[in-house]
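Note sheet for the following structure.
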């Protein structure tokens with residue numbers, strides 16, 4: 001019988017991209033299978049929120065790993081996200097900000113908007 005992977009809550013570990021520096025609380029994205037902070041790019045897969053600041057600036061792909069929280073998480077937005085966007089895809093602007101605008105497909109999808117609460121755009125990254 002194979003053993004399952006042990007996890008704590010909804011936090012999972014992902015390998016960092018070469019030369020990446022990530023900050024606790026930033027939007028967590030994969031680029032080419034490796035963890036980076038969110039940024040404007042059309043090739044990212046958004047995972048949730050980075051849970052630990054880690055410096056892999058001198059490391060190769062996968063040398064270090066970092067925990068990412070996957071649940072309902074709120075991020076600030078650029079003011080374009082409205083209650084009418086609930087259930088629709090929203091996009092990554094940078095490591096801390098979401099937008100309703102894809103910037104002509106230059107931005108990666110952050111996920112579907114779950115709610116707006118206390119001025120934050122809530123995305124459900126349920127794992």
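The values are calculated or read from the model by the stated rules, or taken from the named source; none is laboratory data. Since this is a predicted model, take the numbers as computed values, not measurements. Here the Cβ is made from the backbone with ideal geometry for all residues, glycine too, and neighbour counts use every protein chain on show.
Of the residues making up region 44-71, those that are in a strand (DSSP E or B) and either surrounded by 15 or more Cβ atoms within 10 Å (Cβ to Cβ) or in contact (Cβ under 8 Å) with a residue 60 or more places away in the chain (or both) are 45, 46, 47, 48, 49, 50, 54, 65, 66, 67, 68, 69. Counting the residues of region 27-43 that are in a loop (DSSP other than H, G, I, E, B) and buried (at least 19 other Cβ atoms within 10 Å of the Cβ) gives 1. Inspect all residues belonging to region 99-118 and state whether any of them is in contact (Cβ under 8 Å) with a residue 12 or more places away in the chain, part of a loop (DSSP other than H, G, I, E, B) and in contact with a helix residue (DSSP H, G or I) (Cβ under 6 Å, 6 or more places away or on another chain). Yes, some residue in region 99-118 is in contact (Cβ under 8 Å) with a residue 12 or more places away in the chain, part of a loop (DSSP other than H, G, I, E, B) and in contact with a helix residue (DSSP H, G or I) (Cβ under 6 Å, 6 or more places away or on another chain).
Based on this model, can you work out whether residue 80 counts as modelled with pLDDT of 95 or more, assigned by TED's automatic domain parsing to the domain that holds residue 105 and assigned to a loop (DSSP other than H, G, I, E, B)? The answer is yes for residue 80. For the structure I just gave you, tell me whether residue 89 is closer than 17 Å to residue 123 by Cβ, at pLDDT below 95 and more than 10 Å from the chain's Cα centre (by Cα). Taking the combined requirement at face value, the residue does not satisfy it.
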